[in-house]
Amino acid sequence: VLVLDAAYAEYVRRNDYESGIELVATSENVVMCRTFSKIHGLAALRLGWMYGPAHIVDALNRIRGPFNVNAPAIAAGVAAMGDGAHVERSRAHNERWLAWLTEEIGKLGLEVTPSVGNFMLIHFPETKGKTAKDANALLTSRGLILRQLDAYQLPNALRLSIGSEEANRLVVSTLAEFLGKSA
Ligand SMILES: Cc1ncc(COP(=O)(O)O)c(C=O)c1O
């Protein structure tokens, strides 16, 4: 079985992206998972959905725990599906600030892996005092929580999720300070 995790599909605006709906519809062994944790902002509800062939859905229904999704989460999920304005607002916010962060952090001289989701990968030099770990220590001391990526074999990078305007601006000014540059 091929499982396509399309947790960030709603953020992607490129027309060469296919989240998997077509592949599921034309295959017997492909499923696609989606979550309410990302663009809908409902991570604490533990709610998601899966699209797959009937025989796989049937097998899952037989092994899943009873009442594995609670009624308030279902109600919130239904409301979220009807709230297209929220999704559109979140997508527009992400599009604007992803581009801004990519450009501003790039201008500081750090390499950024291009992203179409709501997070980005920032690469740091191995120079003592300028490493990802050093940057993370300063960012954390300012209340900015990025993700260290040693577990993904990327010890020289940090993952940044697109945040509020205030948080985004603070990340850039803190990184500028860290590198001894003006933002
Ligand atoms: C690729 C990916 N899939 C799924 C999830 C989480 O989804 P859920 O909160 O529904 O378990 C995340 C977020 O942490 C993720 O990054």
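Summary of computed values
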quantity	calculated
Restricting the range 1-74 to trypsin sites (Lys or Arg not before Pro) in coil, as DSSP defines it, with at most 14 other Cβ within 10 Å	Arg13, Arg14, Arg46, Arg64
The range 1-44: GluC sites (Glu not before Pro) in DSSP coil with no more than 16 other Cβ atoms inside 10 Å	Glu18, Glu28
Placed amide H near Glu111: partners under 5 Å, 5+ positions off or other chain	His123
Net +/- balance of residues flanking Ala151 in space, Cβ distance below 15 Å, scoring K and R +1, D and E -1	+2
The range 106-182 and the range 34-81: distance between their alpha carbon centers, rounded to Å	33 Å
Globularity index of the range 27-80, i.e. its alpha-carbon radius of gyration over 2.2 N^0.38 Å	1.23
Distance between modelled label sites at Leu179 and Trp100, nm, 7 Å Cα→Cβ extension	1.8 nm
Loop-located trypsin sites (Lys or Arg not before Pro) in the range 70-156, at most 16 other Cβ atoms within 10 Å (DSSP)	Lys128, Lys130, Arg142
Phi to ³J(HN,Hα) by Karplus 6.51 cos²θ - 1.76 cosθ + 1.60 over the range 28-38, Hz, x for Gly, Pro	9, 10, 10, 10, 10, 9, 10, 9, 8, 6, 9
Bins of 10 Å from zero: percent of alpha-carbon pairs in the chain	8, 29, 30, 21, 10, 2
Dipole magnitude of the chain, debye to nearest 20 (Cβ charges: Lys/Arg +1, Asp/Glu -1, about Cα centre)	460 debye
In the chain, lysine pairs with alpha-carbon atoms under 27 angstrom apart (chain gap of 8 or more, or interchain)	8
Structure-based [θ]222 nm, the chain - -39500 (n - 2.57) summed over DSSP H runs of at least 4, per residue, nearest 500	-13000 deg cm²/dmol
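Just so you know, all these numbers are worked out from the coordinates, no wet-lab data involved. Bear in mind that the values here come from a model prediction, so they are computed numbers and not experimental data. A quick note on method: Cβ atoms are made from the backbone with ideal geometry, for glycine too, and the neighbour counts reach across all protein chains shown.
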